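The values are calculated or read from the model by the stated rules, or taken from the named source; none is laboratory data. Note that the structure is a prediction, hence the values are computed from the model and not measured. With ideal geometry, Cβ positions are generated from the backbone for all residues, glycine too; neighbour counts draw on all protein chains shown. When the accessible area is computed, the model is the full protein with side chains, heavy atoms only, and any ligands, DNA or RNA have been set aside. Shrake-Rupley method; radii C 1.70, N 1.55, O 1.52, S 1.80 Å.
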Amino acid sequence: MALLSATTAICHPAERERARQGASIFADLSAQELKEVKNFLFSRPDLRLSSVREENLKKNSIFLIELHVPKKSEALRALDKGHEKPVRQARVVIQFGDQPHPNITEYIVSPLPNPTCLKPRTFKSKQSIKFESRPISLVEYKHLTKTLKEVTEKAYRILMESSGFSFHNCTDRCLTFSDIAPRGVESGERRTWIMLQKFVEGYFIHPVGFEVMINHKSLDPSEWFVEKVWYNEQYFDSVEELVEKYERGEVRKVKLGEHNDEDLFSTYIPRGERNTPNNIHGPKTVLPQGPRYRVDNNFVEYAGWSFAFRVRSSAGLQLFDIRFNGERIAYEISLQEALAFYAGSSPAVMQTKYIDAGWGMGTVGYELAPGIDCPEVSTFIDLYHFYDTNHPVRYKNALCIFEMTTNTPLRRHYNNNFRGGYNFYAGLENTALVIRTTSTVYNYDYIWDFYFYQNGVVESRVSATGYIHSQFFTSDGVNYGNKVYSYVLGNLHTHLVNYKVDLDVAGRQNSFESLSLKYENITNPWSPSHFIVQSKLHRTQHEKERHAAFPFGKTLPRYLHFYNPNQKNRWGHYKGYRIQFNSHAYSVLPKGWKEEKGVTWSRYPLAVTRYRDSEMTSSTIYCQNDPWEPVVHFEDYIRNNENIVNEDLVAWVTVGFLHIPHSEDIPNTATPGNAVGFFLRPFNFFDEDPSVASKSTVIVRPHKDSFTKLNTQRWTPEVVGHCVSDKPFYYNGTYYEV
């Protein structure tokens, strides 16, 4: 990757170089490394590996290869002390279907790039991974499609009379399907509800009122069978029963009417009138003199910030070794899991509890469109994944990095002289660096952002868009959402996103407190016969993990303060950072309910734990299809109730929102109002706002002899550039009656 020019460097050259060199510790496996791991595994006759594309399900195959991040202590020895970097390793998931008791085993393969060692990887729970919990593969989808064709062929007449579309023997009037998870109601099952939809643009919002549950637990697809059928609010034990009763006139029939190809309902094609001229482009992000940030492989520098990044195939974007002016703020800030739990009156939707790591959330980030997904001037980066494939897959331009202006000042002040003029005006434009990826998980598109501001603030933001998940409208549908088309219900659901925030504020030894306000009623010292009621700071020190786990339903303290009790700023305050929420999340299921056991992180907007190498993630790719007996049970991280005073702490942050779809969600959910996240804000970490180092500040003072003359101080070029404006900066500042 080309090195971009930078105007801002880290203040301490030695730390900067160690950070730059150390970023490769966290770099995703290259295409060549992925190939070497695969070749090494296939060279092992004891594994008896087959191609993942072999149609036989009774096979041993590689499902996933990705970077195995080293232990934190090993990484820090290289980053902070200049020791040799840890050996690069790969995490590998192998599905062993060709044995009497099929299972899934994870391995650590090392050293890279020339592996020679293979050892099993276990979870803290020591549980084995049930074969039924595996993510669904393309080969299994192929068999499901074949089974569905056989099933729907029996219901051909019903489908044609009801919708005018069919799943088999079709041309331009075809049906497609969406499969629902989890696949069953208890651990060890693999039976899936499948919803039929018109295969048109935006098919997610074209359900036809036909759903079928297929049991596909057997590794022999010829043994798969239908357990239930749902048609127009009626249940049947088999397709044959539905057909028989339909032909006898014992079924309430539905007819959607002739499909209108001119109906743009689910498309992006513009319609309607707008008073915006369409012969000119709208505003664009520009870089008048070129980029002010630097990207060196997976290492990024900007305005005092530096960090390393990777995109984990199973979960998505991760940042490591986040520093400001060479001082580490956090060791890791990473996406862990996203869920969307639905409610509805059709069996498919009432069963829908999407847990997105189980769909390879990091691998479904596709090419980003310049000018729409990211500014045209962005740095675009390719990603490589090895997920349900025989070879590494290149995802072109799947990540972007750019600097943007918020078009709101970072700071400004107009100092009024109250005589029609001013003493001075000063301001600093607010710019930020953004690193962005997306995940298109079936119908939904998530936009994952991290913003780095000049004043030491980091913002994590997720914006939701894409198509809503919908069902065929039923008589009681309005209890579960809103009607968005003549036969379509947009189903209510809750989005939750979990992040791991491993803060190292001025070092690894941190403590956690919450700050709130209490009223005090005191005698007025300058008028003793009166009283003053005012707010007073109230600090609560959280000493144990259980005390620092804040459940949904209880008020979350407004100031959540992580600080180093061994380091103070110039004014005698402990150096700290605080977490500030931008979220209106709530729990998705009652505590302890069946599927809730797999997402116990969703109980808390914030839970603080002591760092453990055995507690690296809050979820796994297996939780989607076995939430009932998860191999990672987040509640276990809190259950031992360890001390969190003056320790290495991790904050597990959950944000989200309730979405009750409405007509304005057609054709897609829009991002305004559907973005949530959190901020990491310095709280006495610095001696003053570190953005005072920015040379983009402008100060204007009136000339002592004339308001028409200006004394302007600036430290950047006076003329921004012809792509923005060819006029120099001008400011008057007076006001007067007219």
Quiz prompt | the range 192-230: number of residues that are free of Cβ contacts under 8 Å to residues at least 40 places away in the same chain, small (Gly, Ala, Ser) and in a loop (DSSP other than H, G, I, E, B) | solution = 1
Quiz item: Within the range 232-261, restricting attention to residues that are within 36 Å of the chain's Cα centre (by Cα) and acidic (Asp, Glu), which residue is nearest to Ala670 (Cα to Cα)?
Solution: Asp261
Quiz item: If you check every pair at least six apart or on different chains, which have Cβ atoms under 8 Å apart with a residue in the range 546-561 that is within 14 Å of Ser583 (Cα to Cα) first and a residue that is among the aliphatic types (A, V, I, L, M) and buried (at least 16 other Cβ atoms within 10 Å of the Cβ) second?
Solution: Phe552/Ala585; Leu556/Leu606
Quiz item: Looking only at the range 74-100, which residues are free of Cβ contacts under 8 Å to residues at least 24 places away in the same chain and out of contact with any Leu (no Cβ under 7 Å at 6 or more places or on another chain)?
Solution: Glu74, Arg77, Lys81, His83, Glu84, Pro100
Quiz item: Taking the stated definitions as given, is Asp665 among the acidic types (Asp, Glu) and surrounded by fewer than 18 Cβ atoms within 10 Å (Cβ to Cβ)?
Solution: no
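Could you tell me whether the range 233-248 includes any residue that is assigned to a loop (DSSP other than H, G, I, E, B), hydrophobic (A, V, I, L, M, F, W, C) and open to solvent by less than 50 Å² (accessible area, probe 1.4 Å)?
So in the range 233-248, the residues assigned to a loop (DSSP other than H, G, I, E, B) come out as 233, 237-238, 248.
So of that shortlist, the ones also hydrophobic (A, V, I, L, M, F, W, C) come out as none.
No.
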Exercise. Would you confirm whether any residue within the range 607-616 is farther than 30 Å from Glu688 by Cα, free of Cβ contacts under 8 Å to residues at least 40 places away in the same chain and surrounded by fewer than 14 Cβ atoms within 10 Å (Cβ to Cβ)?
Key: no
Quiz item: What do you reckon, is Leu64 assigned to a strand (DSSP E or B) and either open to solvent by 30 Å² or more (accessible area, probe 1.4 Å) or more than 18 Å from Asn114 (Cβ to Cβ) (or both)?
Solution: yes
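Restricting attention to the range 254-270, report how many residues are more than 30 Å from Glu376 (Cβ to Cβ) and surrounded by 12 or more Cβ atoms within 10 Å (Cβ to Cβ).
Of the residues in that region, 4 qualify.
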Practice problem: Return yes when Val109 is in contact with a helix residue (DSSP H, G or I) (Cβ under 6 Å, 6 or more places away or on another chain), outside any helix (DSSP H, G or I) and under 20 Å from Phe63 (Cα atoms) and no when it is not. | Solution: yes
Quiz prompt | Filter result for Arg328 (farther than 30 Å from Ser618 by Cβ, among the basic types (Lys, Arg) and modelled with pLDDT of 95 or more) | solution = no
Exercise. Report whether or not Ala348 is touching a residue at least 24 places away in the same chain (Cβ under 8 Å) and either in contact with a Phe, Trp or Tyr (Cβ under 6 Å, 6 or more places away or on another chain) or under 21 Å from Val286 (Cα atoms) (or both).
Key: yes
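With the condition being within 28 Å of the chain's Cα centre (by Cα), I'd like the strands (runs of 3 or more DSSP E) fully within the range 511-591 carrying at least 2 qualifying residues. Give the steps one after another, and end with the answer.
Details: elements: 511-523, 531-542, 559-568, 574-582.
Correct list: 511-523, 559-568, 574-582.
Which residues, taken from the range 98-107, are closer than 21 Å to Glu36 by Cα and open to solvent by 10 Å² or more (accessible area, probe 1.4 Å)? Steps first, answer last, please.
Taking the range 98-107 and keeping what is closer than 21 Å to Glu36 by Cα, we get 105-107.
Thr105, Tyr107, listed by residue number.
Starting from residues that are in a strand (DSSP E or B) and open to solvent by less than 20 Å² (accessible area, probe 1.4 Å), keep the ones in the range 388-425 and report whichever is modelled with the lowest pLDDT. Walk me through it before giving the result.
Within the range 388-425, the first condition is being in a strand (DSSP E or B), and the residues that meet it are 393-416, 422-425.
Add one more test, that the residue is open to solvent by less than 20 Å² (accessible area, probe 1.4 Å), and what stays is 398-403, 422.
Values: Ala398: 96, Leu399: 97, Cys400: 98, Ile401: 98, Phe402: 98, Glu403: 97, Tyr422: 91.
Ranking the qualifying residues of the range 388-425, first place goes to Tyr422.
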Exercise. Tell me which residues, restricted to the range 437-486, are free of Cβ contacts under 8 Å to residues at least 40 places away in the same chain, of a type in the set (Phe, Trp, Tyr) and either touching an Asp or Glu at 6+ places or on another chain (Cβ under 9 Å) or farther than 21 Å from Ser178 by Cα (or both).
Key: Tyr451
Practice problem: Considering each of Glu223, Glu273, Glu201 in turn, give the residue that is modelled with pLDDT of 95 or more, among the acidic types (Asp, Glu) and either more than 31 Å from the chain's Cα centre (by Cα) or open to solvent by less than 70 Å² (accessible area, probe 1.4 Å) (or both). | Solution: Glu223
Quiz item: Is there a residue being aromatic (Phe, Trp, Tyr), exposed (fewer than 15 other Cβ atoms within 10 Å of the Cβ) and within 25 Å of Tyr485 (Cβ to Cβ) anywhere in the range 209-219?
Solution: no
Self-check item: Residue match in the range 281-295 (condition: assigned to a loop (DSSP other than H, G, I, E, B), under 27 Å from the mean Cα position of the chain (by Cα), loosely packed, with under 13 Cβ neighbours inside 10 Å and touching a residue at least 12 places away in the same chain (Cβ under 8 Å))
Solution: yes
Quiz item: Looking only at the range 345-370, which residues are touching a Gly at 6+ places or on another chain (Cβ under 8 Å) and open to solvent by 10 Å² or more (accessible area, probe 1.4 Å)?
Solution: Ser345, Met350
Practice problem: Could you grab me the full set of residues in the range 633-662 that are in a loop (DSSP other than H, G, I, E, B), surrounded by fewer than 23 Cβ atoms within 10 Å (Cβ to Cβ) and either of a type in the set (Val, Ile, Thr) or in contact with a helix residue (DSSP H, G or I) (Cβ under 7 Å, 6 or more places away or on another chain) (or both)? | Solution: His633, Asn641, Val645, Ile660
Quiz item: Just checking, how many residues over the range 464-513 are open to solvent by 10 Å² or more (accessible area, probe 1.4 Å) and of a type in the set (S, T, N, Q)?
Solution: 7
Practice problem: Could you list all residues from the range 672-695 that are assigned to a loop (DSSP other than H, G, I, E, B), open to solvent by 50 Å² or more (accessible area, probe 1.4 Å) and within 29 Å of Ala585 (Cα to Cα)? | Solution: Pro672, Gly673, Asn684
Quiz prompt | Verdict on Lys119 being at pLDDT 95 or above, open to solvent by less than 10 Å² (accessible area, probe 1.4 Å) and either farther than 30 Å from Gln318 by Cα or among the basic types (Lys, Arg) (or both) | solution = no
Quiz item: For the range 81-97, does any single residue satisfy the condition of being out of contact with any Asp or Glu (no Cβ under 8 Å at 6 or more places or on another chain), acidic (Asp, Glu) and open to solvent by less than 70 Å² (accessible area, probe 1.4 Å)?
Solution: no
Quiz item: Quick one: is Ile194 at pLDDT 95 or above, under 30 Å from Asn103 (Cβ atoms) and of a type outside the set (D, E, K, R)?
Solution: yes
